[in-house]
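The values are calculated or read from the model by the stated rules, or taken from the named source; none is laboratory data. A quick note: this is a predicted structure, and the numbers were derived from the prediction, not measured. Positions of Cβ are generated from backbone atoms using ideal geometry, with glycine treated the same way; all protein chains shown enter the neighbour counts.
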2 protein chains.
Amino acid sequence: MERFEVTILGNGSAMPTTLRNPSAQIVNLREKIFLVDCGEGTQTRFRQCRFNFQKLRHIFISHLHGDHCFGLPGLLSTLGLAGRGEELTVHSPAGLEEALGPLLRAFCDRLPYALRFEEFSGNQSELIYEDRSLTVHTIPLRHRIPCCGFLFAEKPLLPHLRRDMLDYYQIPIAWRGRIKQGEDYTAPDGTLIPHSRLTTPARPARKYAYCSDTAYSETYLPLIEGCDLLYHEATFAQSEAGQARLRYHSTAAEAAEAARRAGARKLLLGHFSARYPDCTPLLQEARSVFPPALLSEEGKTYAL
Amino acid sequence: MERFEVTILGNGSAMPTTLRNPSAQIVNLREKIFLVDCGEGTQTRFRQCRFNFQKLRHIFISHLHGDHCFGLPGLLSTLGLAGRGEELTVHSPAGLEEALGPLLRAFCDRLPYALRFEEFSGNQSELIYEDRSLTVHTIPLRHRIPCCGFLFAEKPLLPHLRRDMLDYYQIPIAWRGRIKQGEDYTAPDGTLIPHSRLTTPARPARKYAYCSDTAYSETYLPLIEGCDLLYHEATFAQSEAGQARLRYHSTAAEAAEAARRAGARKLLLGHFSARYPDCTPLLQEARSVFPPALLSEEGKTYAL
């Protein structure tokens, strides 16, 4: 199966610790790599994980809190020092270009590549990226400031042609592309051979949903329904549910509840508060609601 | 002897590597700590070295290149999250407040402490900090943009009173402070006892000079004369002297020449180019000019 993976660069929350880094992760679909959030030090971990960051074309920033953005000046600057020529697009809620502009002008005034900022609204799910094999939609979340997760969805795959049937019906090569695209075949004698007899369905397209930071809410569940992998913030344990509510964060049990109700196949917990040097209690709590839950680990890659 | 130490948090140059961090170091004089430069990730290394960064009152930034500044937003923000109340002053060449302002307003709009920016000119040496035991002067350097090193100088120490002589001349306790400050003693019968007979001189005050980034030049040598420890950039080996000249950096041999001519007691080399995973050749080159040269090591503390 074509590669579709997530590598965790940082899974800490706002208060940094010496154990965890602030939010950042790489989504790799068929060797196209995307950066999701960019906390301080992301460029170093990017390299430690042996990704070539010149292959990066799009960065997705969930919201304008420092632990999700403060690695941008260093990364953008280093890409320039390394002689990048290709355009780079940073997708974020409104305000990032304005906040970073003076800093970039003072420190990176002659970047050798085009840097584009694209803003999304945060009020409703939007298609913000699309290529031949992938779409990225925003997932509006409930945080103290406008904040969106991201849904990375493979495009539906074309069915497989059945060679035995193509031979049996002596279907000309010129027709094969049309059949793959969904057409029925009309034989020279007028007989119609239905598409379904000539093909086997492709495997289902895969979906990865990234939800950080957010208070638990039913509003975003339809947007992540049936995802193969859900990364959901689990800043607190259920015993700190009051803190979670107050700060618009989730507990591990709530993250698991979101995964369960959305029908996710797997759940990766992250965005852990500095108060948990050991997150085992969060894992236990999540597994009691949604058994396939996992604690995300920095530097580790998770295949969909 | 009272503590006077330098801890290296980062000794890399502009292009980050997985081996070295960008410039940052801590100067600790009698448990007052000062941060010198603040490359990306400084706050994490600050903690890894087990310093309490709430004790920080002054940050000195040598120049406005990203590898000396990009750790500031994260550090300033974290100090706020940790509930700091005391004022913090950032000393730098002109332009830092303007460059950081919009970012800080967007990301740290309610810092619970007063943040002051103080600018120095860079054209001539200025006194930019002073307390009971220390002065900090700028050291104008020769770089592509305005850039200053910093001279941390202990204030001259008071002489030690000789108890045997105080007893012998039966000098009243009230006089002791005046004698320590340099006065001669006048006995009730009018006899003058010279200060030098009543005291032994204090040890010489110590000086630490930080010179990064700079092309080698004689202009700054008088300002660092006789320092106990010199940290001098050594971005390149002598074989890359052309590159050093072009980019306003120094070679290891030039750093050693600066130490030799300034009469420094010890030399710490740093700000190494990413092209040297192993800096042994730089050390050999420096030692051929100035034998007490050392390669600085991240996480290591050097006493004056």
*If you take the residues of region B:18-32 that are of a type in the set (Val, Ile, Thr) and buried (at least 17 other Cβ atoms within 10 Å of the Cβ), which of them is nearest to the chain's Cα centre (by Cα)?*
B:27
*Of the numbered conditions (1) free of Cβ contacts under 8 Å to residues at least 24 places away in the same chain; (2) under 31 Å from the mean Cα position of the chain (by Cα); (3) loosely packed, with under 15 Cβ neighbours inside 10 Å; (4) away from chain B (no Cβ under 14 Å), residue A:158 fails exactly one; give the number of that condition.*
(1)
*asked:* On the basis of being farther than 24 Å from residue A:79 by Cα, touching a helix residue (DSSP H, G or I) at 6+ places or on another chain (Cβ under 7 Å) and at pLDDT below 95, does residue B:115 make the cut?
replied: no
*Regarding residue A:285, is this residue crowded, with 18+ Cβ neighbours inside 10 Å and touching a residue at least 24 places away in the same chain (Cβ under 8 Å)?*
yes
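Output yes when any residue across region B:62-79 is small (Gly, Ala, Ser), within 9 Å of chain A (Cβ to nearest Cβ), over 26 Å from residue A:46 (Cβ atoms) and out of contact with any Asp or Glu (no Cβ under 8 Å at 6 or more places or on another chain), and no when none is.
Restricting attention to region B:62-79, the residues satisfying the condition of being small (Gly, Ala, Ser) are B:62, B:66, B:71, B:74, B:77.
Checking the rest, the ones that are also within 9 Å of chain A (Cβ to nearest Cβ) come to B:66, B:71, B:74, B:77.
The next check asks that each one be over 26 Å from residue A:46 (Cβ atoms); those that pass are none.
No.
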_Tally of residues being part of a loop (DSSP other than H, G, I, E, B) and not acidic (Asp, Glu) across region A:38-73_ = 16
*Could you give me the residue pairs with C-beta distances under 8 Å whose first residue belongs to region A:108-120 and is closer than 22 Å to residue A:63 by Cα, whose second residue is among the small types (Gly, Ala, Ser) and not in a loop (DSSP other than H, G, I, E, B) wherever it lies, and which are 6+ apart or on separate chains?*
A:117/A:92; A:118/A:92; A:119/A:92; A:120/A:92
*Select from region A:51-61 the residues that are touching a Leu at 6+ places or on another chain (Cβ under 8 Å) and either surrounded by 16 or more Cβ atoms within 10 Å (Cβ to Cβ) or facing chain B (nearest Cβ under 7 Å) (or both) and list them in ascending order.*
A:53, A:56, A:58, A:59, A:60, A:61
*On the given criteria, is residue B:86 acidic (Asp, Glu), at negative phi and surrounded by 14 or more Cβ atoms within 10 Å (Cβ to Cβ)?*
no
*Please list, ordered by first then second residue, the pairs with beta carbon atoms under 6 Å, 6 or more apart or interchain, first in region A:189-216 and over 30 Å from residue A:256 (Cβ atoms), second among the hydroxyl-bearing types (Ser, Thr, Tyr) and part of a loop (DSSP other than H, G, I, E, B).*
A:193/A:169
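Kindly indicate which of A:302, A:276, A:231 is among the aromatic types (Phe, Trp, Tyr) and either free of Cβ contacts under 8 Å to residues at least 60 places away in the same chain or part of a loop (DSSP other than H, G, I, E, B) (or both).
Among A:302, A:276, A:231, only A:276 is among the aromatic types (Phe, Trp, Tyr) and either free of Cβ contacts under 8 Å to residues at least 60 places away in the same chain or part of a loop (DSSP other than H, G, I, E, B) (or both).
Okay, residues lined up against (1) touching a Lys or Arg at 6+ places or on another chain (Cβ under 8 Å); (2) of a type outside the set (Lys, Arg); (3) outside the structural domain of residue B:145 (by TED's automatic domain parsing):
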residue: B:66; (1), (2), (3): no, yes, no
residue: B:96; (1), (2), (3): no, yes, no
residue: B:99; (1), (2), (3): yes, yes, no
residue: B:105; (1), (2), (3): no, no, no
residue: B:116; (1), (2), (3): no, no, no
*asked:* Against the definition (part of a loop (DSSP other than H, G, I, E, B) and over 30 Å from residue A:175 (Cβ atoms)), how does residue A:101 come out, yes or no?
replied: no
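Kindly establish whether residue B:261 is charged (D, E, K, R), within 24 Å of residue B:151 (Cβ to Cβ) and not in a strand (DSSP E or B).
When the stated conditions are applied, residue B:261 passes them.
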*Would it be correct to say that residue A:97 is closer than 19 Å to residue B:73 by Cβ, surrounded by 14 or more Cβ atoms within 10 Å (Cβ to Cβ) and of a type in the set (Asp, Glu)?*
yes
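Please indicate, with yes or no, whether at least one residue in region A:33-40 is more than 7 Å from chain B (Cβ to nearest Cβ), touching a residue at least 12 places away in the same chain (Cβ under 8 Å) and over 17 Å from the mean Cα position of the chain (by Cα).
Checked against the condition, which is being more than 7 Å from chain B (Cβ to nearest Cβ), touching a residue at least 12 places away in the same chain (Cβ under 8 Å) and over 17 Å from the mean Cα position of the chain (by Cα), region A:33-40 yields no hits at all.
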*Hey, could you check region B:105-140 for residues that are surrounded by 15 or more Cβ atoms within 10 Å (Cβ to Cβ) and at the interface with another protein chain (Cβ under 9 Å from one of its Cβ atoms) and say which is nearest to residue B:207 (Cα to Cα)?*
B:108
*Could you check how many residues of region A:161-183 are over 36 Å from the mean Cα position of the chain (by Cα) and among the acidic types (Asp, Glu)?*
2
*Does residue A:95 qualify as being closer than 24 Å to residue A:122 by Cβ, touching a His at 6+ places or on another chain (Cβ under 9 Å) and at the interface with chain B (Cβ under 10 Å from one of its Cβ atoms)?*
no
